[in-house]
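Peer 1: Have a look at the structure that comes next, please.
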Amino acid sequence: MNPPIRFLHELSRALAASSLYGPQHPARYKAINTCYEALRALQVEDEEPSFSFLGRDVVYGYDAIRELQDWEWSDRFATIGVQRIEVTADVSPDEFAIFIEDVHARLIATPNGGIGATGANGDAAGRGPLQSENLSRQTAIRFGPIGIQGATTGGGSVEPAMIDVPVSLDEESEAIRYIHSQVASDEAVPLVEAEAVVRSLSGALHSDGQMLIPLLKLKSFDQYTTTHSINVSVLSMALAEALGNNPRDVRIMGVAGLLHDLGKVRVPPEILSKPGSLSPEERELLERHPSDGARIILNSDRRLTLPAAVAFEHHIMINGGGYPRRHFARDCHYASTVVHVCDVYDALHTDRPYRAAWPSAKALHYIERRAEREFDPVVAGAFIALMRKNERGLES
């Protein structure tokens, strides 16, 4: 058994033993010590190992561990807000024991955590920005939800005023086409280009002290993926700013919105542009794109963990519906709820081969009706208020 897999298996055994035996029981001590030895063996070949848990996938460093696909502990960790584990230095036995104690405490405190659930632990599953209480008590091993670093308490002095107008953004569109072509050729995500597009879109959002949202109009159906990626990035940044996130985190959500549908490069174009209903086989291929997108992003750059989480979760509803299906019920990341509502709005508000674009008012009414079922009610409410304020501004 290779060292990363061995460590994870020993970790699950140590946590199970912690629930079965008291703190001084020899079996508990032995399981924790064996897991510690597995970690030290792993650090011989990788001084700073990191693991991410995204639905069915366990990601070690850059790569998904195929042998652990559908591993039940992946969903279990994510459910308790442990979407990522990072080892940043040599770990002492006492530090490791604290790590096991902290993770086990989450397991027994979280509903559906899988081990003697007795109560709730608030936002541990990562519904909001990563806060200090989400981190372990020592720094040699860090764990918690994949997250942005924090949000401001207010929205700042910029008054949002959005318009829905045809604009060019030709250079940004060309950059998106280049990113997709690189990924389709099995190359890594060109992060420099993605960040450059987001910086450009962020600049386009603001003019004369106001927030201006330039939404691209679809010129032809084969441009849908490019147009949609840009629009969702723009909308996600506007909504994130309206929700009070700081500028750094606004840009992170812009990158997440830009890359959320990257997995569609693996879907045949004839399925994406089919005017009629999809067959079960075609539907299955389409519904793989969130998982494929998360893998593509994580395999490209470990710094893109948050965009990978959003790519995986952007079709999951707040009530647990949607896809991909998960073994354990848990909340989606806060950033995923932001991108999700923007993704649905732009999809409804754009011409598709199988239907005409919905008017903005109809798309907003759909989101309003499905708040608390499909959409986070706070995020959906902020989005609706933002868009309706724009409509009132245009009428006056």
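The values are calculated or read from the model by the stated rules, or taken from the named source; none is laboratory data. All of these numbers come straight from a predicted model, not from anything done at the bench. All Cβ positions, glycine included, derive from the backbone under ideal geometry; neighbour counts span all protein chains shown.
Peer 1: Among the residues that make up the range 203-220, is at least one of them in a helix (DSSP H, G or I), among the small types (Gly, Ala, Ser) and modelled with pLDDT of 85 or more?
Peer 2: No: zero hits.
Peer 1: Under 9 Å between Cβ atoms, which residue pairs at least 6 apart in sequence (or on different chains) link something in the range 171-200 that is in the same structural domain as ASN231 (by TED's automatic domain parsing) with a partner that is of a type in the set (Gly, Ala, Ser) and in a loop (DSSP other than H, G, I, E, B)?
Peer 2: Listed pairs, sorted by first residue: GLN182/ALA188.
Peer 1: So, ALA17, is that one over 21 Å from GLY61 (Cβ atoms), buried (at least 17 other Cβ atoms within 10 Å of the Cβ), of a type in the set (A, V, I, L, M) and without any contact (Cβ under 8 Å) to a residue 60 or more places away in the chain or not?
Peer 2: So ALA17 passes the test.
Peer 1: I've got another one for you. Quick check, is ARG28 farther than 28 Å from PHE312 by Cα, in contact with a Gly (Cβ under 9 Å, 6 or more places away or on another chain) and free of Cβ contacts under 8 Å to residues at least 60 places away in the same chain?
Peer 2: Spelling it out, ARG28 is indeed farther than 28 Å from PHE312 by Cα, in contact with a Gly (Cβ under 9 Å, 6 or more places away or on another chain) and free of Cβ contacts under 8 Å to residues at least 60 places away in the same chain.
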